[in-house]
Amino acid sequence: MGDLTGRVALVTGAGRGIGAACARALAEAGAQVICSDLSAPDDLAAELGGLAMAQDVTDEAGWTAAMDFARREAGGLDILVNNAGLFLMKPLTETTLEDWRRIHSVNVEGVFLGCRAAIPLLAERAGRWDGGTAIVNLSSMAGLVGSAGAVCYNASKGAVRLLTKGLAMELAAAGVRVNSVHPGVIETSMGDEVIAAFSGATGLGDNEARTQLAARHPLGRMGQPGNVADAVVFLASSRSAFVTGSELVVDGGFTAN
Ligand SMILES: NC(=O)c1ccc[n+]([C@@H]2O[C@H](COP(=O)([O-])OP(=O)(O)OC[C@H]3O[C@@H](n4cnc5c(N)ncnc54)[C@H](O)[C@@H]3O)[C@@H](O)[C@H]2O)c1
């Protein structure tokens, strides 16, 4: 897809799932990828010829260190993928303030801190590329429509959607594009959590829950991490040079239904 040769990308939560797939796809497209997660994804970075970094996205000082690392080890930053996230399935009446803050600290504050830290570096290199530099934020189809039992997660992913649009307005003149991606159920560890929650809510066994959840996606299956990574590469590349403030839905048609 887009040729990312010469660009440096940082992917948070790159240790597994969608983040790992994004790191792979960005590297395949030619980017030098910094893979960050709670523990440094050393093996993945070695496989991709990239760099690894331990980072908790909720840690403000850690973001300063990450930007120093990008500047020192890779010469700067062209693409930030705010992917790290947590899922919570609990009725609102059972959601504690601690739950709420834990989910929002990763899903919302982590994205806020990441964007804010990266803006100076992204703005610096925006003039190098057709379509400038890019931030891609992982929201969810749960950031577009509500789901019973996932109100806290809904709120956090809805916040990412509008944080993205507002920031796209702030950064347009600087040549930094900001877009969000909204996956359906994707087969990752978090996808397993979603299936387990669906199974708990419906009383279906795990296999039947999996089958029924897959069938709710009009394309008849759950997504693969690579399906989301393809959308991320598009939004990071010059192929999306005129796309900012948009929400790219990668849900097999779930929310179009
Ligand atoms: N899998 C799905 O069905 C699905 C659907 C829609 C949106 N998403 C979103 O996509 C993103 C990735 O999801 P996934 O399915 O790969 O999840 P996952 O649970 O498989 O992986 C998440 C990664 O984020 C990391 N992480 C968690 N907290 C962190 C923190 N504080 N600092 C740094 N890293 C942290 C984890 O260590 C893990 O490697 C998330 O934002 C999620 O909300 C996932």
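Data overview
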read-out	value
Contact order normalised by residue count of the range 1-131, Cα under 8 Å, 6+ apart, percent	24 percent
Rounded D (µm²/s) - the range 15-161, Kirkwood Rh over Cα pairs, Stokes-Einstein at 20 °C, 1.002 mPa s	133 µm²/s
Distance histogram in 5 Å bins (all Cα pairs of the chain, percent per bin)	1, 7, 14, 19, 20, 17, 11, 7, 3, 1, 0
Computed P(r) (all Cα pairs; the range 186-243; 10 Å bins; percent)	23, 39, 22, 14, 3
Nearest 10 degrees, 0 to 90: helix 60-69 Cα axis against the chain principal axis	50 degrees
In nm, spacing of pseudo-spin labels at Leu92 and Ala46 (7 Å Cα→C-beta vector)	4.9 nm
Peptide ranges 17-24, 56-63 listed from the most packed, as the mean C-beta count within 10 angstrom indicates	17-24, 56-63
Cα Rg, Dmax, the range 88-206, angstrom units	16.8, 54
The chain: calculated mean residue ellipticity at 222 nm from DSSP helix runs of at least 4, using -39500 (n - 2.57)	-13500 deg cm²/dmol
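Bear in mind these aren't lab numbers, they're just calculated from the coordinates by the rules spelled out. Because the structure is predicted, anything quoted here is derived from the model rather than measured. Please note: Cβ atoms are built from the backbone with ideal geometry, for glycine as well, and neighbour counts cover all protein chains shown.
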